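Asker: Submitted below is the structure of interest, expressed as structure tokens.
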Amino acid sequence: MQALRLARPRLPLRPACRSFAAAASSSPAHAASAASASSAEPVVPLSNVEAMWERLSADEQAVIHQQLEEIQKRDWKTLTVDEKKAAYYVAFGPHGPRAPIDAPGAGPKIFLGVTGLIVAAGALFYAIRATAPAPPRTLSKEWEEAENERALEMKLNPITGISSEGYSGPGFVTHK
């Protein structure tokens, strides 16, 4: 069905817009009759609004929007399916603020870009680690065990710490 809509011949768009602009600038009585005439004669066939919306100028989109507002004031049971679809598309379609953020097919590009950034960050991390100096001698297991012995000799923290009665914790040893 969409293929049929796209294959339909399109009406000339510019003359109808000019007549709408001329009607808006003329006298109020003439404008009302011109507006009713322009609402009866659509700028774009309402069955083809979805396919044409992005290519229409802002003025033409405004004309269609006003035309659809007038159509929606009628009884909804008398509206055609094309008119209902056009009204829904103009109100809630994927255009304007509801346009998709990413273009179709952008998912793999985003995935590869994020993966590349993660790999680059990992390579930078390991390059920095490879060129870093050795850890200080105070971070060895032997040094921490010597700290435990020194804490016991000095009776450090006698109430709840390493030199308290029945203490069974690791003390200052954090390496396994």
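The values are calculated or read from the model by the stated rules, or taken from the named source; none is laboratory data. Quick caveat, the model's predicted, so the values are computed rather than measured. Cβ atoms come from the backbone with ideal geometry, glycine included; neighbour counts cover every protein chain shown. Accessible surface is based on the protein model in full, side chains and every heavy atom, while ligands, DNA and RNA are left aside. Shrake-Rupley method; radii C 1.70, N 1.55, O 1.52, S 1.80 Å.
Asker: Look through Lys109, Lys77 and report the one residue that is modelled with pLDDT of 85 or more, part of a helix (DSSP H, G or I) and charged (D, E, K, R).
Answerer: Going through Lys109, Lys77 in turn, the sole match is Lys109.
Asker: Can you run down the residue pairs with Cβ atoms below 8 Å, 6 or more apart or on separate chains, where the first is in the range 43-55 and modelled with pLDDT under 75 and the partner is open to solvent by less than 20 Å² (accessible area, probe 1.4 Å) and among the aromatic types (Phe, Trp, Tyr)?
Answerer: As it stands, the answer is none, since no pair meets every condition given.
Asker: Looking at Thr78 and the list (1) farther than 13 Å from Pro45 by Cα; (2) in contact with a helix residue (DSSP H, G or I) (Cβ under 7 Å, 6 or more places away or on another chain), which single condition is not satisfied?
Answerer: Failing condition for Thr78: (2).
Asker: Please tell me if Tyr167 is among the hydroxyl-bearing types (Ser, Thr, Tyr) and either modelled with pLDDT under 90 or not in a loop (DSSP other than H, G, I, E, B) (or both). Reasoning before the result, please.
Answerer: Numbers: among the hydroxyl-bearing types (Ser, Thr, Tyr): yes; either modelled with pLDDT under 90 or not in a loop (DSSP other than H, G, I, E, B) (or both): no.
No.
Asker: Same structure, new question: Suppose we filter Gly166, Gly105 for residues that are on the phi > 0 side of the Ramachandran plot, open to solvent by 70 Å² or more (accessible area, probe 1.4 Å) and not basic (Lys, Arg); which single one remains?
Answerer: Gly166
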